[in-house]
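*Asks:* Shown below is the structure under consideration.
The values are calculated or read from the model by the stated rules, or taken from the named source; none is laboratory data. What you see is a predicted model; the values in this text were computed from it and never measured. Neighbour counts run over all protein chains shown; Cβ positions are idealised from the backbone, glycine included. Side chains included, ligands, DNA and RNA excluded: accessible areas come from the protein's heavy atoms. Shrake-Rupley method; radii C 1.70, N 1.55, O 1.52, S 1.80 Å.
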Amino acid sequence: MSDRIVLGQIAGSFGVRGDLRLKSFCAIPEDIAIYTPLYTDDGRVFRVVVITGQTNGALVARIEGISSKEEADALRGQNLSADRDRLPNLPDDEFYHSDLIGLEVLDTGGAILGRVKTVLNHGAGDILEVQLTGKPATALLPFTLAIVPTVDLKAGRIIADPPEGLFE
């Protein structure tokens, strides 16, 4: 498990004074501001994040040190991560996406299907993108209790009962 968890992503500027559009991956989107400091992929550290509003599918935020549209636009696409120890402990049936990435996926009979490449969410629930073993293709596995009955972080594996034909 990594020491940092991605909590959001900078989507670009909002206005001309350095405000940013911010996609939050937190259950309560505004909570991203309480987990500071936030770290970008390129090593910047933001100790102060103030949520000032909302816009289409994103929060509007002021971040320390960003005072122009150009500075805000230069950060577009940067992930914002927080130290794991700043985040709440999750119940046994909830997981941070970063903890799932890289886990081996086996079927209920123990056959290896692949590894979790990424976790997607387009609004209807989480979907695991599984890199198939020995193949260049991936499969999309709905992350539901019925299809993924077991997640064992300590063993580094997921047991799945995928719909017939999904991994063929």
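*Asks:* L103's amide H: which non-local residues (gap 5+, or another chain) put their own amide H closer than 5 Å, with H modeled 1.01 Å from N in plane and none for Pro or chain starts?
*Replies:* V116
*Asks:* While we're looking at this one, here's another question. Any idea what Rg and Dmax come out to for region 7-91 if you just take the C-alpha atoms, in Å?
*Replies:* Both quantities, over Cα of region 7-91: 12.0, 42 Å.
*Asks:* Within region 60-164, what percent of beta bridges assigned by DSSP are antiparallel, to the nearest 5?
*Replies:* On the way: 18 of 22 bridges.
Percentage antiparallel, nearest 5: 80.
*Asks:* Provide the net charge surrounding L80, with neighbours chosen by a C-beta distance below 11 Å and charges set as Lys +1, Arg +1, Asp -1, Glu -1.
*Replies:* Numbers: positive: R4, K23, R44; negative: D41.
So the environment of L80 carries a net charge of +2.
*Asks:* Within region 47-108, which trypsin sites (Lys or Arg not before Pro) sit in a loop by DSSP and count at most 13 neighbouring Cβ atoms inside 10 Å?
*Replies:* On the way: sites: R47, R62, K69, R76, R84, R86; in loops: R47, R76.
Sites meeting the loop and neighbour criteria: R47, R76.
*Asks:* Tell me, what are the semi-axes, in whole angstrom and largest first, of the equivalent ellipsoid of region 105-168 as set by the roots of 5 times the Cα gyration tensor eigenvalues? All intermediate terms of the calculation are to be shown ahead of the outcome.
*Replies:* Working: eigenvalues 50, 42, 28 Å².
Values for region 105-168, descending: 16, 15, 12 Å.
*Asks:* So for the chain, taking the charge dipole from beta-carbon charges (+1 Lys/Arg, -1 Asp/Glu), which of H122, T36, C26 sits furthest toward the positive end?
*Replies:* T36
*Asks:* Picking from N56, L166, A72, whose Cα lies most toward the positive end of the charge dipole for the chain (charges on Cβ: Lys, Arg +1; Asp, Glu -1)?
*Replies:* A72
*Asks:* Suppose we look only past 20 Å in the calculated P(r) of the chain. What percent of the Cα-Cα pairs does that tail hold?
*Replies:* Details: 7861 of 14028 pairs.
Every Cα pair in the chain considered, those over 20 Å come to 56 percent.
*Asks:* Around V130, with a cut-off of 14 angstrom between Cβ atoms, what is the net charge of the other residues, counting Lys and Arg +1 and Asp and Glu -1?
*Replies:* Values: positive: R115, K117, K135, R157; negative: E104, D107, D126, E129, D161, E168.
Charge balance in the 14 Å sphere: -2.
*Asks:* Could you work out the helix-only [θ] at 222 nm for the chain, with each DSSP H run of four or more residues adding -39,500 (n - 2.57) and the total divided by the number of residues, to the nearest 500 deg cm²/dmol? Please report the intermediate quantities before stating the final value.
*Replies:* Values: 2 runs with 10 residues, N = 168.
Rounded to the nearest 500, the figure is -1000 deg cm²/dmol.
*Asks:* Now a separate question. Using amide H atoms built 1.01 Å from N in the peptide plane, name the residues 5+ places from A160, or on other chains, whose amide H lies under 5 Å from its own.
*Replies:* It is L106, D107, T108, by chain and number.
*Asks:* Roll a 1.4 Å probe over the protein heavy atoms and report the accessible area of L90 in Å², nearest 10.
*Replies:* Solvent-accessible area, nearest 10 Å²: 60 Å².
*Asks:* Placing +1 at every Lys and Arg Cβ and -1 at every Asp and Glu Cβ, with all other atoms neutral, what dipole size does the chain have around its Cα centre, in debye to the nearest 20? Show your work: numbers first, answer last.
*Replies:* On the way: 16 positive and 24 negative charges, 119 e Å.
Here the size comes out at about 580 debye.
*Asks:* Now for a separate question. Counting only protein heavy atoms and a 1.4 Å probe, tell me what percentage of region 55-168's accessible area is made up of carbon and sulfur.
*Replies:* Details: 3260 of 6580 Å².
About 50 percent, which is the carbon plus sulfur part of the accessible surface.
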